[in-house]
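J.: First the structure, which I've put down as structure tokens, then a few questions once you've had a look.
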Amino acid sequence: FGVFEMAQRENVSKLRKTMEIVRKTRSIGVIFALIVLVILASLLSPYFLSGYNLQALTRSLAFVGMIALGQACLLLIGELDLSVGAIAGFCGVIGGVLIINLGFHHWLAFGLCLLLGAGCGFLNGALVAKLNLNSLVVTVGMTGVYTGLNLVISKGRAITGIPKALYFLGQGDFLGIPAPFIIMIGVAGVVLFVTQNTIFGRYMYSVGNNREASKILGIRVERVQIITFMMAGLFAALAGMIMVARLGSSQPAIGQEWVLPSIASSVIGGVSPAGGIGNPVGAVLGAVITGVIENIIVIFGISPYWQTAVSGVVVVAAVSLDSIQRIFYERKVKL
């Protein structure tokens, strides 16, 4: 038994070294890619580094960044939520109904919508954890549910008349920095603290690395899954409500184009789709890269329809790179 335990400890040590190498090389690669993108864009267009464009860029990428932070937490435990965009739109419409149709105070409605987003995440997580269902299949189905409810309630029309007191969250800025971007940084700080400085954060990494071993160690895997889904739903609702503040109305289409970029941002930022590797805050760096790419498409007058195609290519490329890095370093450690 002593020899067996020593071998196990040695394997664990090798695995940790492998994960650390993958994390460091991915971070360096992401930063290098971002620098190259910025240099190329600034050389090809004098408008890229203008104050107006940088404000527009940071404001727009903040929404995907908030969604990506929740998505990254899910990827960390080996799960995925394709309904986050639908949750954002659903909560945005409910916010409009509460404020305009039912006369709720705007800040009360805002808070209730955040709770609704967490509730949607709870429902997704409970279906995955309690019924042992595949998160991909569950969240595809729940996307239809949330989108359908969104359209039934709004009848496919925008709900106008949102109080101007909310506008600052989406349209305002502080010292030239857009308010949505500041809020995203705040969310990133919370995620960083939870994942790196709490017991729950360690549980997330454990579940992502080995679910069965985590159960043996006494970790309540189902609880970790549900809470993480709730975090993703909460961040989606926050992004949806801030977009309502930016537009000044509740649009049924809010969030429809956030899912693919959120996955791309998370994987680019170093969070492995296989689970257990990466820092969810890296999703912010990934969101900056995807935001820069989309901004370049706009600046150079390329059809906006290419944005979806580019997001898909980036997701496939990032996942492929992650798989290649894992295989390469695992072989290197074995040697």
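The values are calculated or read from the model by the stated rules, or taken from the named source; none is laboratory data. Given the structure is predicted, the values throughout are model-derived calculations rather than measurements. Methodologically, a virtual Cβ is constructed for each residue, glycine included, from the backbone with ideal geometry; neighbour enumeration extends over all protein chains shown. Please note that ligands, DNA and RNA were not included when accessible areas were found on the heavy atoms of the full protein model with its side chains. Shrake-Rupley method; radii C 1.70, N 1.55, O 1.52, S 1.80 Å.
J.: Could you state how much accessible area T143 has, in square angstrom rounded to the nearest 10, with a 1.4 Å probe and all protein chains kept in place?
T.: That residue has around 40 Å² of solvent-accessible surface.
J.: On to the next question. How big is segment 69-133 by Rg and Dmax over its Cα atoms, in Å?
T.: Spelled out, the Cα radius of gyration and Dmax of segment 69-133 are 13.9, 41 Å.
J.: Summing Lys, Arg as +1 and Asp, Glu as -1, what charge do residues with Cβ under 12 Å from the Cβ of S214 carry, S214 excluded?
T.: So the surrounding residues net to +3.
J.: Kindly report, to the nearest 10 Å², the accessible surface of I289 as traced by a 1.4 Å probe over protein heavy atoms only.
T.: Its accessible surface works out to 10 Å², give or take rounding.
J.: Could you sort 41-47, 110-116, 167-173 so that the peptide with the highest average Cβ count within 10 Å comes first and the rest follow in order?
T.: Descending mean neighbour count gives 110-116, 167-173, 41-47.
J.: Need one number: nm distance between label points at L49 and I185, each 7 Å from Cα along Cα→Cβ, rounded to one decimal.
T.: The two pseudo-label positions are separated by 2.0 nm.
J.: Hey, another quick one. Which cross-chain or sequence-distant (5 or more) residues have an amide H under 5 Å from the amide H of D173, H modelled 1.01 Å from N in plane?
T.: A179
J.: Here's something else I'd like to know. Kindly write out, for segment 295-303 in residue order, the coupling ³J(HN,Hα) from the Karplus curve 6.51 cos²θ - 1.76 cosθ + 1.60 (θ = phi - 60°), rounded to whole Hz, with x marking Gly and Pro.
T.: 5, 4, 4, 5, 4, 8, x, 6, 3
J.: Once ligands and nucleic acids are excluded and a 1.4 Å probe is used, how much of T160 is accessible, expressed in Å² to the nearest 10?
T.: T160 has an accessible surface of roughly 90 Å² with all protein chains in place.
J.: Once the convex hull of the C-alpha atoms of segment 148-198 is built, how many Å³ does it hold per residue, rounded to a whole number?
T.: It is 138 Å³ per residue.
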